[in-house]
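Can you read through this structure? Questions will come right after.
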């Protein structure tokens, strides 16, 4: 095969795959969800796995009434909270969480490796030194800002002393990309 023919075939293959590559570089929601879905639509989407809560868990201007328990991510189980906008009742953010002794530095490294493998280099890295005695956690955050969705991975440690493992949280938040999408919290 001539070099010109090989080049033409390579160009055709890259052109054919470009939409798939671009799609992989963006994320219109989390997993099978899409921004703006209702709780009912989400519960139906995960039928049999979704837990419909008897009440709401409030998260500032968001609330959760549908969740997934023991959802695997990066080789570990997380609780998934589908966070709905308080005004519209539609999906505004998805939160994956591990708490306490299950939020460990090795799990944090696994999460970063999985997200890096999916989305490449981080858009922004943030470190905040807290004051455990004042209730302010030490926080490490990594952000991947994609065209439609921004992914925030946060490791918080409120601890001080021998029982500090009881006060850690590992959070992965998926939210629609906004004007301040890559800002640290």
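The values are calculated or read from the model by the stated rules, or taken from the named source; none is laboratory data. Keep in mind the model is a prediction, meaning the values are calculated, not measured. All Cβ positions, glycine included, derive from the backbone under ideal geometry; neighbour counts span all protein chains shown.
Tell me which residues, restricted to region 159-181, are modelled with pLDDT under 80 and crowded, with 16+ Cβ neighbours inside 10 Å.
159, 167, 181
Report yes if residue 88 is farther than 23 Å from residue 144 by Cα, at pLDDT 95 or above and out of contact with any strand residue (DSSP E or B) (no Cβ under 9 Å at 6 or more places or on another chain), otherwise no.
Answer is yes for this residue.
Report yes if some residue within region 29-36 is at pLDDT below 95, outside any strand (DSSP E or B), more than 24 Å from residue 168 (Cα to Cα) and in contact with a helix residue (DSSP H, G or I) (Cβ under 8 Å, 6 or more places away or on another chain); otherwise report no.
Checked against the condition, which is being at pLDDT below 95, outside any strand (DSSP E or B), more than 24 Å from residue 168 (Cα to Cα) and in contact with a helix residue (DSSP H, G or I) (Cβ under 8 Å, 6 or more places away or on another chain), region 29-36 yields at least one hit.
Are any residues in region 120-152 closer than 24 Å to residue 94 by Cβ and part of a loop (DSSP other than H, G, I, E, B), and if so, which ones?
120, 121, 122, 123, 137, 146, 147, 148
Right, residue 22: at pLDDT below 95 and either under 18 Å from residue 150 (Cα atoms) or not in a strand (DSSP E or B) (or both) or not?
So residue 22 fits the description; yes.
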